[in-house]
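The values are calculated or read from the model by the stated rules, or taken from the named source; none is laboratory data. Since this is a predicted model, take the numbers as computed values, not measurements. Note that we place each Cβ from the backbone using ideal geometry, even for glycine, and neighbour counts take in every protein chain shown. The area values use the complete protein model at the heavy-atom level, side chains included, leaving out ligands, DNA and RNA. Shrake-Rupley method; radii C 1.70, N 1.55, O 1.52, S 1.80 Å.
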Amino acid sequence: MNHLSELENRTIYILREAYHRFKNIALLWSIGKDSTTLLWIARKAFFGRLPFPVMHIDTSYKFKEIYAFRDRYAVEWGLDLVIARNDKAIAEGMGPKKEKLECCNALKTEALKMKINELGLKALLLAIRRDEHGIRAKERYFSPRASDFTWNYRHQPAELWDLYKSRLGAEEEHFRVHPMLHWTELDIWRYIEKEKVPVVSLYFARGGKRYRSIGCETCCMPVASGANTIQKIIKELETTKVAERSGRAQDKESAYTMQKLRSLGYM
Amino acid sequence: MNITIAGHVDHGKSTLIGRILLDTRSLSKGKMEELSRVSRELGKEAELAYLADQLKEEREQERTIDTTQSFFKTRKRRYCIIDVPGHVEFLKNMITGATQADSAMLLIDAKAGIEEQTRRHAYIVGMIGIPLHIAVINKMDLVSYSEERFGELSSGLLDFTRRISAKEPLVIPISARHGDNITSRSLKMRWYKGPCLTEALDRLEVAKGSSEKPLRFAVQDSYIIDGERIIVGKVLSGKIAARQHIKLLPSSKDARVEAIKIFGGQLRQAMAGENVGLKLNDPSLAKRGEIICDSTCAAESCDGFRANIFWMSDRPLRKNDGLLLRCSTQKTECRAEIIERRINSSTFEVLEEDAQALNANEAGTVIFSTERPVIVERPDQTEELGRFVLDSGGETVGAGIIVSASRQGRGL
């Protein structure tokens, strides 16, 4: 079996484990390349029909290309699309002009919390990868979270082979399941190329710039690049020294912003 | 290829990972800048270990708490390198990391020598079946790159790897801090004639080829797709083909594969490692936990077996306590019937025969009896049916490797 098939098979196994154990789950779709790839593989795992909803956390500050892509493929793939949005905070003026950590926490983490409670979700599927951030490299595939959403990174459960933890402890409320943890950025692009997975146009260079990682328009900066095709992106990534999330504001505030955000329940 | 670095706390595992990432040019510009900034904030010179130790607590306490994975590549292939904590307190995190590895590398501080966790880690990786291919003697700079000290530690090391019946590892003298013998041969140790570390890694071969073995397919779940019941699962070993006659275990029912289904199509056959859907002639047969075999080469189910286990919980394993056993997709209640041997996992000393209990971080040879029949095999027969975890109260408290699929005979 080649490398990409191995990665895909492992992801399929995890997706089916998560669905078998929890049933009431949702796939978190940021519309970025990683979660779109996860969604693509989930469609394969469940023979084209996802037996659970796909959730988009809408901060209202996303790129317009993201909204257009979401609405197009939600229809084309017959998705049960759920939008999580903290309308109250948005109405009260929460936005990227405030403290970044506060904004991410209110418009993403809080919005997600409300939706999880509303739907009574037992597990969330997220497309985070170990290679994108040192804190994410410490994650488990099946990671329990407390009801206040905190990630107890000091006492993570043992996770041996592919025998994942599936029972919540006394103070735990839901599971974060990370089926893409073992993929790298390059793997994702090679898979997108092989499988012809559609991705948002923002990843392709226009006027000498492209986005390596996308989220809110206000907090993403493009990198200098001439890569306007998937092949050129792969070529660029094989040699680049620029970090994938170098254009993402949350990663920059201070060395431990990501650790703080994640311990509060951020993705 | 996934490599784990095992060894005692403070011997320099995380620093070595930082060094490898640096010298294989696997670091982004941002990472380099962050590294010097954080080091400055903590009032230290650039600390390579921070590349793996990302938690604030890890950097302040200067020790790894949880396992982490980093990626690098050489001209030959890509690697994932798994850092594990060296402190006894975090053994479950160490085992979590180690179970994901294809090969283990043992690291020893040239000055401090072989210590408690050096031996325990070697024991654990050996027990869970991960080959120990390479050992590195680190901090050679602190012993003036002495060939004599290297020889002394190498023979001490080979002495105890022999005792846990591991194959003789290749021993390399290095300095992670200064980059000696990492990606090129060091001029400070001309007496060493072997390969540098990345060269040695590139020479490793990991045996894969479980497609040649008898068919074992673990049933994971079943879905109704277009009005048909499709059984989904994973080919653990061998291959499965359309029209093949199969036996389901432990229910011991016979069936035939009508089609192998994937999204948007069908396959004539599926190989080890593939996750596919099966349409059987009698769709009511397969439930999660059943193991599918070829009808001519079926495994045997049992309600008792002998295993080597490692106990991770502060609450001891006592004879006849109820535990949950999970092996591939199988799950059943079980209990330790006889604890044949209780072993100190660091000194390898047999502490007791026919013991009443196993304590935290002890190993043992145990006969288990299961409430419902299970399909287990030695890991050299079917890897995934040769290993299991023991859960108590939803927590994984023990790791096990099958010695024999029956109560009879003697263990190791």
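Some points to look at:
- Size of segment A:100-146 as Cα extents on the principal axes (Å, biggest first): 32, 28, 18
- The GluC sites (Glu not before Pro) of segment B:342-410 meeting both criteria, a DSSP state outside H, G, I, E and B (loop) and at most 10 other C-beta atoms within 10 angstrom of the site's C-beta, are B:Glu349.
- Sparse-neighbourhood loop sites, GluC sites (Glu not before Pro) in segment B:186-260 - DSSP loop, at most 12 other Cβ within 10 angstrom: B:Glu205
- Kirkwood Rh and Cα Rg combined as Rg over Rh, evaluated for segment B:116-212: 1.01
- Viscosity 1.002 mPa s, temperature 20 °C, Stokes-Einstein D of segment B:2-203 from Kirkwood C-alpha radius, µm²/s: 128 µm²/s
- Measure of compaction for chain B (Cα Rg per 2.2 N^0.38 Å): 1.09
- Chain pair A, B: total accessible area buried, heavy atoms, 1.4 Å probe, Å²: 5100 Å²
- In summary, the convex hull built on the alpha carbon positions of segment A:1-83 has an orientation-averaged projected area of 5.8 nm².
- Among B:Ala259, B:Ala363, B:Ala207, residue whose mean-square fluctuation peaks in a GNM of chain B (springs only between Cα atoms under 10 Å): B:Ala207
- Kirkwood-based Rg to Rh ratio, the protein assembly as shown, C-alpha trace: 0.96
- Mean silhouette area of segment B:302-404, derived from the convex hull of its C-alpha atoms and averaged over all directions, reads 5.9 nm².
- Filter on B:Lys56/B:Lys111; A:Lys165/B:Lys167; A:Lys138/B:Lys319; A:Lys209/B:Lys73; A:Lys232/B:Lys73; A:Lys260/B:Lys331 - keep pairs with C-alpha separation over 25 Å: B:Lys56/B:Lys111; A:Lys165/B:Lys167; A:Lys138/B:Lys319; A:Lys209/B:Lys73; A:Lys260/B:Lys331
- Measure of compaction for segment B:210-294 (Cα Rg per 2.2 N^0.38 Å): 0.95
- Extended-chain gain in nm, criterion 0.36 nm per residue less alpha-carbon gap, A:Arg206 and A:Asp148: 16.7 nm
- Rounded, prolate or oblate (a/c below 1.5 giving rounded, otherwise prolate when a/b exceeds b/c) for chain A by Cα gyration tensor: rounded
- The C-alpha atoms of chain B define a longest principal axis, and helix B:116-127 lies at about 30 degrees to it.
- Spherically averaged projected area in nm², based on the convex hull that wraps the Cα atoms of segment B:1-93: 5.9 nm²
- Taking every alpha-carbon pair in segment A:123-267 and binning the separations at 5 Å intervals from zero gives 2, 9, 16, 20, 17, 14, 11, 7, 3, 1, 0 percent.
- Rg/Rh for segment A:185-251 (Cα atoms only, Rh after Kirkwood) is 0.94.
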